[in-house]
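*Asks:* Below: one structure in structure tokens.
We did not get these values from a lab; they are worked out from the coordinates using the rules stated. In this text, all values refer to a predicted model and were calculated from it rather than measured experimentally. Glycine also receives a Cβ, built like all others from the backbone with ideal geometry; neighbour counts cover every protein chain displayed.
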Amino acid sequence: MDETDETDPQIVGRVLSGETDAFKLLVNRHQRLLYDLSFRLTGNTTEAEDITQTAFVKMFSGLSSYKRELAFKNWAYTITLNIARNRLKRKALLRFLPLGIFSPKNGEDEVRVQEPVEAGSSPDARLDTKDMRSSLESAIAALPEELKTSFILYHLHKNPVKDISETLGISPNAVNIRIYKARERLAKKLTPEYPEYFR
Amino acid sequence: MKDNDLEKMFDTVCADIPLKEPRDLWPEVSLGIKVRREQSRPSRTFWAAGFSAAAVLIVLSIPGASENIKNGIRKLFSSAYSVQLGEGAPVRGTLISADGEVKEIRSGDMLLEVRVTNMDEQRVIIALSVFYTGKQPDGSVRKLIAKPKILAMKGKSAEVSVTDIHGKQVYKLKMTPVEKSPAAYTGTLSPVIPGH
């Protein structure tokens, strides 16, 4: 929960004027979305935490360069995405190293997305909805990174296309195309199994 | 299917997907900010270094000043470690390093750069850079694989793991950083006698 009605630029102003602890408000306000994005990109809770923390430290260090006419959230997304992409590149490199240990063992599958335990779900929750949701999350995780990012920012984080365009540094039209392609791929993959949801 | 229909359909199915909840990240962020500030503190100017050297000379000329000298010496860490590559047998050793000094550990084609930095009375920061030193397709021979950093308690075993893209652990470093006691710093100051 937010402890203040201050806008992000107002908090940034306080931090820059020496109230460094006010940065905690920005962390509390944005950590959930940034962590969720990092987790969905990496599929790893530890990695997602580390990326989000690193991103906040980077934001703090570069706060004086933040342009207040831009939404702080979009700036925060951009920094987090850059860190996550660099990590993914490094991790991808491991696959090409000439060491047997880096290949998955027989029977081990490709991308594994850890599912945190769901708090508060009732025992009588509809299993098919849960199954569909789980399949949808796995299908999102398997999308190419650029489609996945646009889809998550739009459909899961409910950002307008204009903001996503600012975050990704691409035109709104390009964002729409990426979201469209993502939807098409997901629908194609999920319709045979869940026709009642994807018709 | 029309895009509008697809959009509505995904709006509906995604509405049930909750965001992943992190734990409170502020303590780690706050620590990271402190570390970053320490690292970005400007190095001493020539004048400052000169003044400091002069100060040491003055201290040296005062009898009983050995304690002051001792306080100016960088902290030393003696850290027992074990490095494990994949499922291979761990390699063990002891790393002696000064506060903030980078030391290297090699294990096959992997190179670990380890920096142990004093945080406060109880804690240190262990910063690792893991490199692969085999020849790459682009001709380079040193690729940074991971750069984890953790906060560890002095005298307690800490563990840093590096995972691959599948989340599988490929590298593990266990380390117990121990600060050497002031008694471990020994030395003598002998007068130089002209003509000898």
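*Asks:* Taking a quarter of the surface of the convex hull around the Cα atoms of segment B:74-181, what do you get in nm²?
*Replies:* Details: hull surface 28.3 nm².
That works out to 7.1 nm², a quarter of the Cα hull's surface.
*Asks:* In addition: Considering the dipole of segment A:1-97 built from charges on the beta carbon (Lys and Arg +1, Asp and Glu -1) around the Cα centre, which of A:Q31, A:S64, A:L88 is farthest to its positive end?
*Replies:* Most positive-ward Cα: A:L88.
*Asks:* Sticking with this one: By count of other Cβ within 10 Å, fewest leading, how are A:L41, A:L190 ordered? Before the final figure, lay out the partial values.
*Replies:* Values: A:L41 22, A:L190 18.
Ordered by Cβ neighbours within 10 Å, fewest first: A:L190, A:L41.
*Asks:* Neighbour counts of other C-beta atoms within 10 Å: give me B:V160, B:V178 arranged from fewest to most.
*Replies:* B:V178, B:V160
*Asks:* Additional query: I need the calculated FRET efficiency for the pair B:K174 and B:N4, taking r as the beta carbon distance and R₀ as 41 Å, to the nearest 0.05.
*Replies:* Result of the calculation: an efficiency of 0.15.
*Asks:* Just the number, please: Stokes-Einstein D of segment A:127-199 in µm²/s, Kirkwood Rh from C-alpha pairs, 20 °C, 1.002 mPa s. Kindly include the intermediate steps, with their values, before the conclusion.
*Replies:* On the way: Rh = 12.7 Å.
The estimated diffusion coefficient comes to 169 µm²/s.
*Asks:* Could I ask something else about it? Return the subset of A:K58/A:K158; A:K148/A:K188; A:K148/B:K143; A:K91/B:K135; B:K103/B:K172 for which the Cα-Cα distance in this structure is over 19 Å, preserving the input order. Could the numbers behind the result be given before it?
*Replies:* Details: A:K58/A:K158 25 Å; A:K148/A:K188 15 Å; A:K148/B:K143 27 Å; A:K91/B:K135 17 Å; B:K103/B:K172 17 Å.
Checking Cα-Cα distances, A:K58/A:K158; A:K148/B:K143 exceed 19 Å.
*Asks:* On full extension of the chain, what length is gained from A:E69 through A:R14, given 0.36 nm per residue of separation minus the C-alpha to C-alpha distance?
*Replies:* Difference between extended and current length: 18.2 nm.
*Asks:* If neighbour count is taken as other Cβ atoms inside 10 Å, put B:V116, B:V91, A:V175, B:V141 in order from fewest to most.
*Replies:* Fewest to most other Cβ atoms nearby, the residues stand as B:V141, B:V91, A:V175, B:V116.
*Asks:* Using 0.36 nm per residue, how much length does the chain from A:D5 to A:S138 gain when fully extended, once their Cα-Cα distance is taken away?
*Replies:* Here the segment from A:D5 to A:S138 would lengthen by 44.2 nm.
*Asks:* Further, regarding this structure: What is the magnitude of the charge dipole of segment A:1-97 about its Cα centre, with +1 placed on the Cβ of each Lys and Arg, -1 on the Cβ of each Asp and Glu, and no other charges, expressed in debye to the nearest 20?
*Replies:* 760 debye
*Asks:* Across 5 Å bins from 0, what is the distribution of all Cα-Cα pair distances for segment A:1-97, in whole percents?
*Replies:* Result returned by the calculation: 2, 13, 24, 22, 17, 10, 6, 3, 2, 1, 0.
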